[in-house]
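> Take this structure first; my questions come after.
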Amino acid sequence: MIVEKIQINLLNLGILISGRGSNMESILRAIKKQKIPINPAVVISNNSDAIGLKIAQRLGVKTEIVESRGFTGSRLDYDKKIIQVLSRYGVTEKNGLVCLAGFMRIISPEFIRKYKNRMLNIHPAILPSFPGLHAQRRAVEYGTRYSGCTVHFVDEGVDTGPIILQAIVKVKDNDTEGTLSKRILAKEHVIYPQAVKLFAEGKIKITGRKTAIKSRGR
Ligand code: GAR
């Protein structure tokens with residue numbers, strides 16, 4: 001009898017954070033609980049004080065700091081350092097997924113191109129409304145009735161990449177930036193792990209700027 005050895009090469013996940021890391025935590029917990037077929041290889045922060053670093057360590061995930069405060073090189077020089085760390089953990093353009101999870105830095109086009117269709121971001125608004133900073137505050141000030149969050153692939157624009165999942169949150173008359181952000185965040189913690197799962201299972205097909213979710217995997 002020939003016994004075939006099946007080698008499953010798991011994707012390696014790198015998560016980039018700057019602070020609280022609650023989206024990172026929701027992804028890491030979902031990987032364990034929902035058995036998402038991806039290896040949480042490394043969490044990288046640009047800020048050594050990020051609370052999320054401790055959370056990742058408690059969850060048994062390796063962490064790295066690439067401090068951006070006081071960094072005097074170019075944006076590309078900085079990003080090359082991040083890419084080096086990602087590569088060291090096997091998060092490559094062939095076998096990796098990079099999740100931006102509250103990573104508050106602009107990323108160079110070179111970094112984005114290297115991980116084309118392999119880099120995700122979560123944004124606290126229903127894109128294409130309110131891209132960029134302070135999305136929740138701007139939604140409240142504008143008076144929209146609905147807001148929410150979006151998981152999308154990262155391209156070279158500001159929050160313009162192909163959309164994977166969105167979740168809607170109703171805006172209340174008495175909402176403040178804080179109250180709306182809290183309800184949106186709860187939805188972020190649901191859809192970001194879902195998107196990672198879809199990616200890991202090979203269920204996201206990208207055509208132009210549109211994505212389709214396949215019911216079967218690769
Ligand atoms: C989240 O609300 C995320 O959507 C937002 O930062 C927060 C990070 O929280 N990201 C952006 O605004 C990106 N433009 P977390 O560190 O607890 O995940």
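> Using a Debye calculation, one point per C-alpha and no hydration shell, please list log10 I(q)/I(0) for segment 94-147 at q = 0.15, 0.27, 0.31 Å⁻¹ in order.
Once normalised to I(0) and log-transformed, intensities are -0.53, -1.09, -1.26.
> Quick one: in segment 108-218, what % of C-alpha pairs are over 16 Å apart?
On the way: 3595 of 6105 pairs.
That fraction is 59 percent.
> Under the rule of at least 5 residues apart or a separate chain, name every residue whose amide H is placed under 5 Å from the amide H of Asn39.
Residues meeting the amide H criterion: Leu11, Asn12, Leu13.
> Please compute the Cα-Cα pair-distance distribution of the chain with 10 Å bins starting at 0, giving whole percents from short to long.
8, 33, 36, 18, 4, 1, 0, 0
> Let me ask you something else. Tell me, what ³J(HN,Hα) does each residue in segment 124-139 have, in order and in whole Hz, if you take phi through Karplus 6.51 cos²θ - 1.76 cosθ + 1.60 with θ = phi - 60° and put x for Gly and Pro?
x, 6, 8, 5, x, 6, 6, x, x, 7, 6, 4, 5, 4, 5, 5
> For the chain, what's the relative contact order in percent, using C-alpha pairs closer than 8 Å and at least 6 residues apart?
Worked out over the chain, it gives 18 percent.
> Moving on. I'd like the orientation of helix 75-88 relative to the chain: the angle between its Cα long axis and the longest Cα principal axis, in ° from 0 to 90, rounded to 10.
40 degrees
> In addition: Find how many whole Å separate the alpha carbon centroid of segment 145-203 from the alpha carbon centroid of segment 5-61.
19 Å
> What accessible surface, in Å², does a 1.4 Å probe find on Asp49, ignoring ligands, DNA and RNA and rounding to the nearest 10?
Approximately 110 Å² of Asp49 is accessible to the 1.4 Å probe.
> Which translational diffusion coefficient, to the nearest whole µm²/s, is obtained for segment 1-101 from the Stokes-Einstein equation, given a Kirkwood hydrodynamic radius over C-alpha pairs, 25 °C and 0.890 mPa s?
It diffuses with D of about 170 µm²/s by this estimate.
> Now a separate question. Does anyone have the angle between helix 177-200 and the longest principal axis of the chain? Alpha-carbon axes, 0 to 90°, nearest 10?
Between the helix axis and the principal axis of the chain, the angle is about 20 degrees.
> Determine the sum of side-chain charges near Gln84: Lys and Arg each +1, Asp and Glu each -1, restricted to other residues whose C-beta is under 12 angstrom from that of Gln84. List each step's numbers first, then the result.
Working: positive: Lys80, Lys81, Arg88, Lys114; negative: Glu64, Asp77, Asp79.
Every neighbour counted, the sum reads +1.
> Rounded to the nearest 10 Å², what accessible area does Leu76 show when all protein chains are kept and the probe is 1.4 Å?
The value for Leu76 is about 50 Å².
> At 1.4 Å probe size, put Ile168, Ile44 in order of accessible surface, largest to smallest.
Ile168, Ile44
> How much solvent-accessible surface does Met104 expose, in Å² to the nearest 10, with a 1.4 Å probe and all protein chains in place?
Counting only protein heavy atoms, Met104 exposes about 140 Å² to solvent.
> Order the following by accessible area, largest value first: Arg75, Arg58. Probe radius 1.4 Å; ligands, DNA and RNA are ignored.
I get Arg58, Arg75, largest accessible area first.
> What accessible area per residue comes out for segment 22-177, rounded to a whole number of Å², with a 1.4 Å probe?
About 51 Å² of surface per residue is accessible.
> Given H placed on each backbone N at 1.01 Å, which residues far from Thr63 in sequence or on other chains put an amide H within less than 5 Å of it?
Amide H neighbours of Thr63: Val43.
> Next question. Which whole-Hz ³J(HN,Hα) couplings does segment 158-172 yield from phi under the Karplus relation 6.51 cos²θ - 1.76 cosθ + 1.60, θ = phi - 60°, glycine and proline marked x?
Coupling constants for segment 158-172: 8, 6, 10, x, x, 7, 9, 9, 9, 9, 9, 10, 7, 8, 8 Hz.
> On the accessible surface of the chain, probed at 1.4 Å, how many percent belong to carbon and sulfur atoms?
On the chain, the fraction of accessible area on carbon and sulfur atoms equals 53 percent.
The values are calculated or read from the model by the stated rules, or taken from the named source; none is laboratory data. Every value quoted in this text rests on a predicted model; they were computed, and no experiment measured them. Backbone-built Cβ (ideal geometry, glycine too); neighbour counts: all protein chains shown. Each accessible area value is taken on the protein alone, full model and side chains, heavy atoms only, with ligands, DNA and RNA left out. Shrake-Rupley method; radii C 1.70, N 1.55, O 1.52, S 1.80 Å.
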